[in-house]
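Quick notes on the structure that follows.
The values are calculated or read from the model by the stated rules, or taken from the named source; none is laboratory data. Please read these numbers as outputs of a predicted model, since none were measured by experiment. Cβ placement follows ideal geometry from the backbone for every residue including glycine, while neighbour counts extend to all protein chains displayed.
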Amino acid sequence: MHELSVCRALLRQINQIAEEHLADDIKVIRLKIGPLAGIDSELLRRAFPLVSHGTAAQHATLEITSVPATIFCNDCEKKSDVVNINQLTCPHCNSTTTQLLSGDEMTLDSVILGQQSGTEERYVH
């Protein structure tokens, strides 16, 4: 399950952000994941508590938003969401001459940080 290593890398990035902002509590982590990213969101949710235990993120809420796979058709020059992620065919003209614009990424969208003393929350993009 590579979601464990993805969680570890994510936690390193978030801990670095928390250090830069002098925060000792990570409250919310917001991710955007496309269907072609190769990451199972449910497995990521289950792996996160294991990886974050004993860290500033151990009580953090992990919010995951799914983003659509989007293509641009070189033939009809239209942008559209992909209906079948196994086939990147243009839904307008059925062309297979398309470019993937989005849907293969996992992005750290934002983090809400705070202090364990309960003071001051910071919203970081």
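Points worth noting:
- Of all residues making up the stretch 26-43, the number that are touching a helix residue (DSSP H, G or I) at 6+ places or on another chain (Cβ under 8 Å) and either within 12 Å of Ala57 (Cβ to Cβ) or of a type outside the set (A, V, I, L, M) (or both): 3
- The residue that is farthest from Pro49 (Cα to Cα), among those in the stretch 70-88 that are in contact with a strand residue (DSSP E or B) (Cβ under 7 Å, 6 or more places away or on another chain) and either touching a residue at least 24 places away in the same chain (Cβ under 8 Å) or assigned to a loop (DSSP other than H, G, I, E, B) (or both), is Asn74.
- Among the conditions (1) surrounded by 15 or more Cβ atoms within 10 Å (Cβ to Cβ); (2) assigned to a loop (DSSP other than H, G, I, E, B), the only one that Leu43 does not satisfy is (2).
- Each residue in the stretch 1-40 was checked for being under 15 Å from the mean Cα position of the chain (by Cα) and in a strand (DSSP E or B), and 6 pass.
- For Thr65: the one exception among (1) surrounded by 13 or more Cβ atoms within 10 Å (Cβ to Cβ); (2) touching a Lys or Arg at 6+ places or on another chain (Cβ under 8 Å): (1)
- Matching residues, the stretch 13-34, being among the polar types (S, T, N, Q) and either over 15 Å from Gly54 (Cα atoms) or crowded, with 21+ Cβ neighbours inside 10 Å (or both): Gln13, Gln16
- Taken over the stretch 89-117, the criterion of being assigned to a strand (DSSP E or B), of a type outside the set (Val, Ile, Thr), under 30 Å from Leu22 (Cα atoms) and modelled with pLDDT of 90 or more is satisfied by Met106, Leu108, Asp109, Ser110, Leu113.
- Condition check for Leu10 on (1) surrounded by 15 or more Cβ atoms within 10 Å (Cβ to Cβ); (2) over 23 Å from Ser102 (Cα atoms): one failure, at (2).
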